[in-house]
1. When DSSP beta bridges are limited to those with both residues in the chain, what percentage is antiparallel, rounded to the nearest 5?
2. Round to a whole number: what % of the accessible area of the chain belongs to carbon and sulfur, probe 1.4 Å?
3. Using Cα pairs closer than 8 Å and at least 6 residues apart in sequence, work out the relative contact order for the stretch 131-299, in percent.
4. Accessible area per residue for the stretch 61-130 in Å², computed with a 1.4 Å probe and the full protein assembly in place, what is it?
5. For LYS157, go through the lysines and keep the ones whose alpha-carbon is under 21 Å away, minus same-chain ones fewer than eight residues off.
6. What percent antiparallel are the DSSP beta bridges of the stretch 131-299, to the nearest 5?
7. If you find the alpha carbon centre of the stretch 27-93 and of the stretch 261-333, how far apart are they in angstrom?
8. Quick one: which residues, 5+ away or cross-chain, put their amide H under 5 Å from the amide H of SER269? H built at 1.01 Å from N.
Amino acid sequence: MSAQPLVLGIETSCDETAIGIVRGRTLLANVIASSVDEHARFGGVVPEIASRAHLEAMLPMLDQALLQAKVSLKDLDAVSVTAGPGLVGALLVGVASASGLALGLGKPLYGVNHLAAHVSVDLLTHANAIEPTIALLVSGGHSSLLQVDDITSSVVKLGESMDDAAGEAFDKIARVMGLGFPGGPAIDRESNNGNSTAIDFPRGLTQSQDWRERPFDFSFSGLKTAVARYLEATPDYVRADVAASFQEAIVDVLLQKALLACKKSGIDSLVIAGGVAANSRLRHVAQERCDGAKIRLRIPAPALCTDNGAMVAALGSLMAAAGRPASTIGIDADSSLSVTCVSVA
Ligand code: KG4
Ligand code: ZN
C-alpha cells in the first residue's frame, strides 16, 4: 500500500449519506446528502426514514464524490466505511455498499468506528500526527473523554456521559424552547445575543466527591431538568439568556474535565471532535483555557466536526498507511460498537 493511499470513505450511521475521498492526508472530495428535513417534524431522527434515504442517495453521492475528486473507482487503494456505532438499518446500507465496492474492485475494506473517525478527521486540518492526545468526543449520541495513543489501534476510555450525550442535551433543550431540530446550531446562534451569566445552571458531576470518584464522567440530565424547571417557572424568560447560560454550563463542564484529563495524564494535547465541537462558544473557551494551561488544542474545521465521509476516509487512510489488517468483506454493522474498538475484523 502506498504511503499516500487513495481512500473512499462512506458514512451512513445516522441521517447523513456522506462520502469522502482522501489521498493520504489530503481531502479531495466531501459530499453529503442529509435527510434532516424529513425528520424535522418528528423532532428527531426516524430510523426507517434514514435507511430509505441512504438507499436513494448512495449512488448519486458516489458519482458526485468521484467527480469532485477527479478520480475513478479503479484508482482507489481502499474503501472505508462506518461499521458502528449508529442506527443499525442506516449503518447496513453503508456497510453493504462498501463491501460491494471493495469486492468488485478487489481492494481492501476497512470497517471503522464512527467515533474514532470523528477524532481522526483532525489530520485533514492539521497535518502533523495527533497522538498522543486526550480527545473530547462530543456528538449527538456520545460524550466521552479518551486517551488516544494511536488512533488506528489504541483508544482508552477515561470517562463518558452517564445519561444524555452533550449534543442530545442541546437538541432536547432546543426543542422545549421551540428552537427546532437539530438544536445545537440553533442554540449556538441564539446564544450570540444572550448573557451567559444570566442564570447559574448546574454543572453535573462537579461536586468534590464527583471529582474524586468520577472525574472524567459527565451528566447532563440535571442541567436539562434545571432548564425545563426554569422555563416553566419563568413565563417571561429571555430566550437568548437561557440559551447562552445553558450552553455555558455544558461548555464549562466539558472543558473542566478535558483539561483535568490532560493534566492527570501528562499529555499536553487536546483534540475536540464530534458535532458539538462545531459550537462556537466551546471553540472559543477551549482556546482560552488551553492557552492558559499551555495545552496544544486542535479542533477540526466546523464542517468536518458534524458527520461526514471525509472522517471515515481519513481513518481508513491511516489504517492502510499503518498496515493494519483489513476487515472481512461482508462485515456486520455493529450498532453499539465500543469507542475503544477502532475497527472491526
Ligand atoms: O457528530 P454528529 O454530527 O452526529 C452524531 O454522531 O451524533 O453530532 C450531531 C450533534 C447534534 O446533537 C447537534 O445538535 C450537535 O451535534 N451540534 C451542535 C452544533 N452543531 C451540531 N451542538 C452545539 N453547537 C453547534 N454549533
Ligand atoms: Zn457523529
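1. Details: 29 of 46 bridges.
Here the antiparallel bridges make up roughly 65 percent for the chain.
2. 52
3. Numbers: 318 pairs, mean separation 46.8, N = 169.
In percent, rounded to a whole number, it is 28.
4. Working: 2380 Å² over 70 residues.
Solvent-accessible surface per residue comes out at 34 Å².
5. Excluding near neighbours in sequence, the set is LYS257, LYS263, LYS264.
6. On the way: 12 of 20 bridges.
Once the DSSP bridges in the stretch 131-299 are tallied, antiparallel ones form about 60 percent.
7. 20
8. Under 5 Å from the amide H of SER269: ILE134, ARG296.
The values are calculated or read from the model by the stated rules, or taken from the named source; none is laboratory data. Model, not experiment: these values are computed from the prediction. Glycine also receives a Cβ, built like all others from the backbone with ideal geometry; neighbour counts cover every protein chain displayed. Accessible surface areas use protein heavy atoms only, side chains included; no ligands, DNA or RNA. Shrake-Rupley method; radii C 1.70, N 1.55, O 1.52, S 1.80 Å.
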